[in-house]
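These notes concern the structure reproduced below.
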Amino acid sequence: MPLQPVMLLLAVILSLWAAAPLRAADPYTADRERMVARQLKGRDITDPRVLAAMGRVPRHRFVPEHLAPLAYSDMPLPIGSGQTISQPYIVALMTQWAEVKTGDKVLEVGTGSGYQAAVLAELTGRVYSIELLPELARAAATRLQELGYGAVRVRTGDGYAGWPEEAPFDAILVTAAAPEPPPALAAQLKEGGRLVVPVGPRRQVQQLLLLRKKSGKLVEDKRLPVMFVPLVPGSETKK
Ligand code: SAH
């Protein structure tokens, strides 16, 4: 055999060998594809950018290790500190409602595991996320960094007050239920911006609302019955 084809063959074998551990490193690829097909496309998630984002983010890395085999099931899961990561469909729906375009500035209230923030980071490079519990904020920031979502800015704080230094935002997503849309968040939304927030009493059925800012006022566009953990008033709300 002449030398060149031998080298080529060697190069092909080497590259296949090098790619193998990468594929083996994500044993949940098939589960994730099935989740996108059945739970998202099979319902009303139609935005191709949202579907692609949900197909990329390794959700199993955002849940406690012993729950990884359940990460792509059609349900919310506990993430510690009495909090939960939302069902994949709800994350996708909130993201679709938020209509995030490349370059949009987005605020998330309730970082939790960091999963929703990672999905948003697939759509724009400008994601800000606030978490009330310091241990969750720290763990989420580390996890996001490790998974290549280091551009997401995470801070510990009271989401009721929003993030005034970075306002205004094109979209704001609240991933815990409030008695009403927090006024500070409404104020930090751009004209034409979208606020996605579950509203209603604690531990009862709430309404997930899509509100748009029109002529300075929030106008309801869509709603869906849901159940979220409560948005807890932090020190900035109480004072
Ligand atoms: N979006 C998360 C799930 C969040 S669960 C994910 O993708 O995993 C709701 C989160 O809101 C919890 O982590 C809870 O601690 C947080 N939270 C509750 N009240 C808050 C407040 N006032 N400000 C910021 N975060 C709050």
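Below 12 angstrom from the Cβ of THR142, what's the summed charge of the other residues (Lys, Arg +1; Asp, Glu -1)?
Numbers: positive: ARG61, ARG138, ARG143; negative: GLU135, GLU146.
With Lys, Arg at +1 and Asp, Glu at -1, the neighbours total +1.
Once the Cα atoms are used to define both axes, helix 3-24 deviates from the longest principal axis of the chain by about 30 degrees.
Translational diffusion of the chain, estimated by Stokes-Einstein from the Kirkwood radius over alpha carbon pairs at 20 °C in a medium of 1.002 mPa s, is 114 µm² per second. Among 144-151, 179-186, 122-129, sorting by the average number of other beta carbon atoms lying within 10 angstrom of each residue, highest first, gives 122-129, 179-186, 144-151.
In percent, what relative contact order does the chain have, based on Cα pairs under 8 Å that are 6 or more apart in sequence?
Relative CO of the chain lands at 13 percent.
Taking Cβ atoms as reference points and 11 Å as the exclusive limit, the residues near GLY193 contribute a net charge of +2, counting Lys and Arg as +1 and Asp and Glu as -1.
Which of LYS105/LYS214; LYS105/LYS190; LYS105/LYS213; LYS190/LYS214; LYS41/LYS105 have a Cα-Cα distance over 20 Å? Pairs exceeding 20 Å: LYS41/LYS105. Comparing SER113, SER73, SER86 in a Gaussian network model of the chain, where Cα atoms under 10 Å apart are tied by springs, the biggest mean-square fluctuation is seen for SER73. Output the 0 to 90 degree angle, nearest 10, between the alpha-carbon long axis of helix 134-146 and the longest principal axis computed from the alpha carbons of the chain. Compared with the principal axis, the helix lies near 30 degrees. Rounded, prolate or oblate: pick one for the stretch 61-108, where a ≥ b ≥ c are the square roots of the eigenvalues of its C-alpha gyration tensor, a/c under 1.5 means rounded, and failing that, prolate if a/b is larger than b/c, else oblate. Prolate, since a/c reaches 1.5 and a/b exceeds b/c.
In the stretch 190-237, which trypsin sites (Lys or Arg not before Pro) fall in coil by DSSP and have 16 or fewer other Cβ atoms within 10 Å?
Details: sites: LYS190, ARG194, ARG202, ARG203, ARG212, LYS213, LYS214, LYS217, LYS222, ARG223; in loops: ARG202, ARG203.
Those satisfying the criteria are ARG202, ARG203.
Roughly how many whole Å is it from the C-alpha centroid of the stretch 201-239 to that of the stretch 86-163? So the two Cα centres are separated by 17 Å.
Every number in this text was worked out from the coordinates using simple rules, so none of it is lab data. On a predicted model such as this, the values are computed, not experimentally measured, just so you know. Every residue, glycine among them, receives a Cβ derived from its backbone with ideal geometry; neighbour counts consider all protein chains shown.
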